[in-house]
Structure formats: structure tokens, C-alpha cells
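Below is one structure; the comments refer to it alone.
Just so you know, all these numbers are worked out from the coordinates, no wet-lab data involved. Quick caveat, the model's predicted, so the values are computed rather than measured. Please note: Cβ atoms are built from the backbone with ideal geometry, for glycine as well, and neighbour counts cover all protein chains shown.
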There are 2 protein chains.
Amino acid sequence: MAEDQVFAALASPVRRRVLELLLERSPRPVTELAAGFAMARPSFSEHLRVLREAGLVSERRDGRQRLYRLEVQALEEVQDWLHPFERFWRERLAQLGDVLDDLDTEGS
Amino acid sequence: MAEDQVFAALASPVRRRVLELLLERSPRPVTELAAGFAMARPSFSEHLRVLREAGLVSERRDGRQRLYRLEVQALEEVQDWLHPFERFWRERLAQLGDVLDDLDTEGS
DNA sequence: TTGATAGGTAGGGAAATTCCTACGTATAGT
DNA sequence: ACTATACGTAGGAATTTCCCTACCTATCAA
């Protein structure tokens, strides 16, 4: 399943950080993305491959650079999976709100 | 980081499914949760442990059962991480909307 | 107390992940 | 044509993950 690959890709802090970098500016060449990581380049390439195969980024060649672009629609799969749970924590927040209201009422 | 453990826990389809089961009804005993998985019990126990250590579920003992409860606030870490990306796909959707509008305009 | 049920821990093997060094390929500049 | 740059693939070691069987502990029921 595609969802599986997306979640598996997000399991690595390195790969999540790459997506954050691409959120700031996209597309960007590999060297620029790799700059912040204390890691050999082939290791970093491997992370990019995982992101690519999950559909989270796409690659375009430009001269001798390869520009990686954020493909944000893949993250919608995460959002979609998360969505049914959202109701639950809204309830929690509502309850928290009630408690705060109570404290407020008592305090006044 | 706690975020790391949450994302790592969600990387497994089995564990995501467990959370979905707990969304339907929570808390539930282990046997009930394990019913749908073709897996030895100790393997399933291990998945529960990962979920517990990520803070995604909590355990309470009740007689000889252990009731697992969904702890949905741990998923907020995912939501929080995802949030900055949301703007991006809203833009994509807006663009898609424009295209559909254009088609509509041409069609009329 | 004996036996059945619920669910865990211990330990181990296969496979996947994550990192490395060495090397290959393509493009750009001189 | 030569050299440097950008980035990948190949192959391998260490670690982690995911599953197993065997066994232990606690509770309930007869």
C-alpha cells in the first residue's frame, strides 16, 4: 500500500527534516539539502530514494544538479488517516476547556 | 524525542490498525484486539509495547485482562508536525479548483 | 489445590534499515 | 581533452525490527 510507504518514510527523523527543508524552499538541489546532515552522501541519497518511492518528493534533473521538489499530496494520506482520530482529541480539548471554565468560575 | 517514537510506532501497519480498532471502541482487552491478526501472541504483545512506549496507548489491569486505551493526544504530535504542510496542499487544491472552474467556464 | 485463561518475558533467527567506503556517470568549465 | 563538480550505485558491516517457540506469572473457577 502507498500509505505504508509514506508512514515508513516518515519514521526517520532525517527524512522528516528533509521535508521540512523543502517546505521552506522547494525545489532544491541535493547538496543544499544535505548540508545540515553529518552523514556521507550515499547515505543521504538513500534517504532521498525512500522519500521518492513514497511519493513524498520528486526529482528533476537540471544540468549536473538534481532538484528535489516537495510532493505534498502524499502527506494527505497521513492527514486522511489521522482525521477520524481528530474528533477524539477535540473532545479532550473540550473537556479541558470545561475544566478551565470551572476554574475560572470558581476564581471569580 | 517523543515525536520520534510516535512516528516510528506508526510505521507499522499492524500498529496503525490497532489504533483504528481502539478508535472504534476503547478500552479493549488484548485478546479482542489481537483477534484480527495472524500472528503469535508474543509478537502482538511486542507491538503493544511499542505503542505504549510511544504514549499512543495506556494499559490498565482488570482481573486477568489488561485493558488498552487509546491515548489520542500522542497523535497530536503528528498533527502538529503536519500542520505547516497543510497550507501547501490547500494551495494545490485551490489550483485544482481553478482548473475545474476553467473547464466549467469553457463548458458553458 | 488443580486446571484453564489472559497476557507477559526470554531468547533467537531472518530480513530490513542505516550507515559506511569505493567507484561510476554525467555535465560544466578551461 | 582534461579536471572538477554533482550525485548516484555497489557492496558490506552494525543495528534494529519483526516474527517465532518456549516458558513464566497472575487471576478465576471448580
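Assorted remarks:
- Modelled FRET efficiency - R0 30 Å, A:GLU76 with B:SER45, Cβ distances, 0.05 increments: 0.35
- Per-residue [θ]222 nm for chain B (sum of -39500 (n - 2.57) over DSSP H runs n ≥ 4, rounded to 500): -21500 deg cm²/dmol
- With each label modelled as a point 7 angstrom along the Cα→C-beta vector, the A:GLU59-A:MET1 pair spans 2.8 nm.
- Label-zone membership for the range A:43-65, site B:GLN95, 7 angstrom Cα→C-beta point, backbone N under 11 Å: none
- The residue of chain B whose Cβ sits closest to the rotation axis that maps B onto A, together with that distance in whole Å, is B:ALA11, 2.
- Alpha carbon convex hull of chain B, volume per residue in cubic angstrom: 139
- Shielding value for A:81-87 is 5, the average number of Cβ atoms from other chains within 10 Å of each residue's Cβ.
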